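Worksheet: one structure, shown below.
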């Protein structure tokens with residue numbers, strides 16, 4: 001009996017009988033079955049998972065034969081080995097006191113060998129600074145990894161020479177926030193990094209130009225949620241503020257205006273209309289703009305949209 005070798009060039013996405021995409025995989029029988037009509041689409045399906053089973057996390061760690069995935073937040077991407085600082089051997093037994101001095105020296109030289117040149121030393125210092133700055137701003141891991149990738153690209157193109165590591169890290173983090181649609185103002189990044197805002201902005205523009213980062217301008221509605229949470233405003237204020245910004249955008253009132261100023265003006269208007277007013281000073285402190293900016297923006301928006309505001 002000749003059995004044709006099952007070479008699958010492309011994966012099966014739908015049932016050839018009823019065109020349904022509800023396909024279930026039976027790993028015990030090695031079949032792919034359509035849940036709608038019951039047709040056996042494939043009877044030689046190969047399980048690509050591990051050949052062992054694990055019933056808890058301890059068994060999964062002990063039976064796995066692969067290491068952790070690459071971590072771009074470590075200068076060597078986490079591919080090198082690490083010697084634990086616990087005074088125990090591979091079997092969990094305590095290392096005798098007479099051998100601890102030798103183990104300490106091994107750890108010290110192992111740590112030095114991991115950083116072998118100036119580039120790795122620069123990355124190790126910069127990524128530590130990135131971790132501290134991200135933690136201070138409360139940013140998620142995805143933003144940190146994106147910022148680390150931007151900084152690595154800058155190092156590869158030799159764009160770091162002559163610039164402070166702190167300034168480049170802050171500009172990379174600001175670019176990552178804009179790329180991942182997690183809005184943070186340049187003022188917030190500068191305050192967290194304790195650096196000059198103009199230098200960070202200059203470095204950000206340089207990196208975006210040299211690395212061809214395609215970053216869209218931030219929109220005012222992206223700041224509404226965060227500013228309202230800081231001002232302890234409810235969901236009704238957020239919804240009305242977003243509607244006000246959408247109307248202003250349709251009329252072209254937001255063109256050429258700072259997004260934080262427009263968002264602050266929309267929050268000021270919506271908080272008054274919803275009966276939970278906030279002062280211009282309180283909103284200005286949260287948004288990082290001046291009270292004059294809020295007054296100018298809210299008067300323009302209210303006049304064009306036709307909203308009457310009683311500030312008394």
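Values quoted throughout were computed directly from the atomic coordinates according to the rules given, and no laboratory measurement underlies them. Remember, it's a predicted structure, so these values are computed and weren't measured experimentally. Neighbour counts are summed over all protein chains in view; Cβ atoms, including those assigned to glycine, are modelled from backbone coordinates with ideal geometry.
Go ahead and run the numbers for FRET between residue 24 and residue 95, Cβ-Cβ distance against an R0 of 51 Å, rounding to 0.05.
The formula returns an efficiency of 0.50 here.
In degrees between 0 and 90, to the nearest 10, how far off the longest principal axis of the chain does helix 118-137 point, with axes built from Cα atoms?
Relative to the chain, helix 118-137 is tipped by roughly 50 degrees.
Please report how far the C-alpha centroid of the stretch 17-53 lies from that of the stretch 93-161, rounded to the nearest whole angstrom.
That distance is 45 Å.
Quick one, can you get me the convex hull of the C-alpha atoms of the stretch 159-240 expressed as volume per residue in Å³?
Hull volume over Cα atoms, normalised by residue count, gives 91 Å³.
What nm value, rounded to one decimal, do you get for the distance between residue 281 and residue 115 when each label is placed 7 Å out toward the C-beta?
4.7 nm
Give me D for the chain in µm² s⁻¹, whole number, from Stokes-Einstein with Rh from the Kirkwood sum over alpha-carbon pairs, 10 °C and 1.306 mPa s. Kindly include the intermediate steps, with their values, before the conclusion.
Working: Rh = 25.1 Å.
The diffusion coefficient I find is 63 µm²/s.
In the Gaussian network model of the chain, springs joining C-alpha atoms below 10 Å, which of 160, 95, 267 carries the largest mean-square fluctuation?
95
I'd like the distance between the alpha-carbon centres of the stretch 243-301 and the stretch 163-221, rounded to an integer number of Å.
If you average the Cα positions of each part, the centres end up 23 Å apart.
Could you work out how far apart the two model spin labels at residue 214 and residue 305 are, taking each label as a point 7 Å from the Cα in the direction of the beta carbon, and quote it in nm?
Placing both labels 7 Å along Cα→Cβ, they lie 3.2 nm apart.
Based on Cα coordinates alone, diagonalise the gyration tensor for the stretch 220-305, multiply each eigenvalue by 5, take square roots, and list the semi-axes in whole Å, largest first.
Working through the eigenvalues yields semi-axes of 17, 14, 11 Å.
Choose one answer from 260, 249, 81: the residue with the largest mean-square fluctuation in a GNM of the chain with alpha-carbon springs under 10 Å.
Residue with maximal mean-square fluctuation among 260, 249, 81: 81.
Between 0 and 90 degrees, rounded to the nearest ten: what's the tilt of helix 97-114 against the longest Cα principal axis of the chain?
Helix 97-114 sits roughly 60 degrees off the main axis of the chain.
Could you tell me the relative contact order of the chain? Use alpha-carbon pairs under 8 Å, at least six residues apart, and round to a whole percent.
Computed over the chain, the figure is 8 percent.
Quick one: among 157, 86, 136, which has the greatest mean-square fluctuation in a GNM of the chain with alpha-carbon springs under 10 angstrom?
86
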